[in-house]
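Taken together, the values in this text are just the output of simple stated rules run on the coordinates, not laboratory data. Source: prediction; values computed, not measured. Note: ideal-geometry Cβ built from the backbone for every residue, glycine included; neighbour counts use all protein chains shown.
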Ligand code: 2BA
């Protein structure tokens with residue numbers, strides 16, 4: 001069994017959870033925020049059998065997309081990263097970690 005941690009852009013979170021539920025996958029959503037942009041994202045925990053992992057990843061991939069996001073800096077007078085007062089970063093639709101699970105119990 002595997003536990004998938006998927007950090008999903010907030011704008012894609014609803015589509016990803018709906019698609020996972022449609023595929024009968026259980027999802028736990030945690031409100032989270034990125035350490036760099038300090039803006040909200042959604043961390044999803046999905047416990048699933050090994051042979052289902054690729055299907056889950058495919059659903060996440062199909063329902064999330066990367067986008068450019070502007071990060072305001074306080075150093076408004078200087079040119080940082082080529083833009084005055086801020087930088088533009090590409091934020092992924094989803095960052096996914098897959099870990100092995102020794103055992104799972106439900107009571
Ligand atoms: P944030 O930490 O807010 O990062 C947002 C985006 O800013 C990142 O997009 C990346 O393009 C850029 N970025 C992050 N740290 C940077 C740095 N030190 N210098 C320059 N640019 C930086 P993604 O890589 O797609 O990450 C989206 C979100 O996924 C992250 O939000 C974070 O919450 C999570 N994440 C990504 N990689 C992670 C990792 N290795 N471990 C834990 N969480 C991760």
Cα-Cα separations in the chain greater than 25 Å, expressed as whole percent: 32
Give the separation of the Cα centroids, the range 92-107 to the range 17-70, in Å. 11
Rg over Rh [alpha-carbon atoms, Kirkwood Rh] for the range 1-48: 1.00
Neighbour-count ranking for 9, 74 (other C-beta within 10 angstrom, fewest to most) reads 74, 9
Between residue 88 and residue 53, how high is the FRET efficiency from 1/(1 + (r/R0)^6) when r is the Cβ-Cβ distance and R₀ = 22 Å? Nearest 0.05. 0.10
Residue 38 to residue 107: FRET efficiency via 1/(1 + (r/R0)^6), r the Cβ-Cβ distance, R0 30 Å, to the nearest 0.05? 0.20
